[in-house]
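The values are calculated or read from the model by the stated rules, or taken from the named source; none is laboratory data. Fair warning: this is a prediction, and the values are worked out from it, not measured in the lab. Counting neighbours? That spans all protein chains shown, and the Cβs are built from the backbone with ideal geometry, glycine included.
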Amino acid sequence: MREDVLEKMISPMDEIENKLVKFVKDEVEKRGFKKVILGLSGGIDSALVAFIATKALGKENVCTLMMPYKTSSKESLDHARLVVEKLGVKNKKIEITPMVDAYFETEGEASSLRRGNMMARTRMAVLFDNSSKENALVIGTSNKTEILLGYSTQYGDSACGINPIGELFKAQVFELSRRLGVPKELIEKKPSADLWEGQTDEEELGFTYDLADEILFQLAVENKSQEELENMGYNKDILNTIFKRIKRNEYKRNMPTIAKL
């Protein structure tokens, strides 16, 4: 990533940390809750949210769920446990394999995408049911890079009551994770939604998070146009892909459009 872009992203990190901790504390209280609940995937985003929530509310007010499918990586579970052990938060493991497989037994063959989306939505159904059981607010874990690119499952991992990291680019997620003490194992591995064996985010997207962040920051924060970015030397095909993803997935960033009468 260009050093000037990275510096603009991470220079206000102390202020960002304080704002996010205050946001969680204030928003949870405003909604009449004391606790939050989130799914721990073993990835950096959910780990960071767990750290922010614990700092804001105390470990006794943070509930976490690990919801593996039969193809989920053992490493993901191990990394989720590292977060639980370091923070001392409440945790429960719920296997979603029987739920997902029961559905696809009636559907026959299905693509990896369909299965991945069903896993994401099943996890969120389990999470919201447990939020009722625990009287805890569901806290989201999607970052700004993923939100802009539409790299999430609608009513799956994008569903939540509040989201403290939705304005953080992936590079900022990494930087804040280092500052808050997220285990290095999570920071150093390749990001993955762990929806199928061997899946990585960057391979599925077709470009690195660093490059996506660099382009999205200049687009969303510095208001550069696609033409200006092309003139700066960015690959035209990658720019087209990113701009198409932003436009195509706009519906995921908004509440359903209601017809006006």
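If I ask for residues that are at pLDDT 90 or above, of a type in the set (D, E, K, R) and in a loop (DSSP other than H, G, I, E, B), which ones from segment 195-223 would you list?
Within segment 195-223, just GLU222 meets the criteria.
Take segment 91-133 and flag every residue that is aromatic (Phe, Trp, Tyr) and within 22 Å of LEU77 (Cβ to Cβ).
Matches in segment 91-133: PHE128 only.
If you go through segment 86-130 one residue at a time, how many are under 25 Å from VAL62 (Cβ atoms), free of Cβ contacts under 8 Å to residues at least 60 places away in the same chain and in contact with a Pro (Cβ under 9 Å, 6 or more places away or on another chain)?
The number of residues fulfilling the criteria is 4.
Among the residues of segment 69-91 satisfying the criterion of being surrounded by 15 or more Cβ atoms within 10 Å (Cβ to Cβ) and basic (Lys, Arg), which is farthest from GLY156 (Cα to Cα)?
Going through the qualifying residues, I end up with LYS86.
Suppose we keep only residues that are of a type in the set (D, E, K, R) and touching a residue at least 40 places away in the same chain (Cβ under 8 Å) within segment 1-13. Which one would you say is surrounded by the fewest Cβ atoms within 10 Å (Cβ to Cβ)? Show your work before the answer.
Quick first cut of segment 1-13, residues of a type in the set (D, E, K, R) only: 2-4, 7-8.
Keeping just the survivors that are touching a residue at least 40 places away in the same chain (Cβ under 8 Å) gives 2, 8.
Working: ARG2: 12, LYS8: 14.
Restricting to residues being of a type in the set (D, E, K, R) and touching a residue at least 40 places away in the same chain (Cβ under 8 Å), the top hit is ARG2.
Has segment 113-132 got at least one residue that is among the basic types (Lys, Arg), over 22 Å from PHE33 (Cβ atoms) and more than 17 Å from the chain's Cα centre (by Cα)?
yes
Restricting to segment 213-249, and then to whatever is closer than 11 Å to LEU149 by Cα and touching a residue at least 60 places away in the same chain (Cβ under 8 Å), can you tell me which residue is surrounded by the fewest Cβ atoms within 10 Å (Cβ to Cβ)?
ARG248
Identify, please: which residue in segment 130-153 is in contact with a Phe, Trp or Tyr (Cβ under 8 Å, 6 or more places away or on another chain) and in a loop (DSSP other than H, G, I, E, B) and is, among those, surrounded by the most Cβ atoms within 10 Å (Cβ to Cβ)?
The extreme case among them is ASN143.
Using beta carbons and a limit of 6 Å, which pairs, at least six apart or on different chains, have the first residue in segment 167-189 and over 18 Å from ASP213 (Cβ atoms) and the second one modelled with pLDDT under 95 and aliphatic (A, V, I, L, M)?
Hits for this filter: zero, empty list.
Does at least one position in segment 73-86 carry a residue that is among the hydroxyl-bearing types (Ser, Thr, Tyr) and within 15 Å of VAL138 (Cα to Cα)?
Checked segment 73-86: no residue is among the hydroxyl-bearing types (Ser, Thr, Tyr) and within 15 Å of VAL138 (Cα to Cα).
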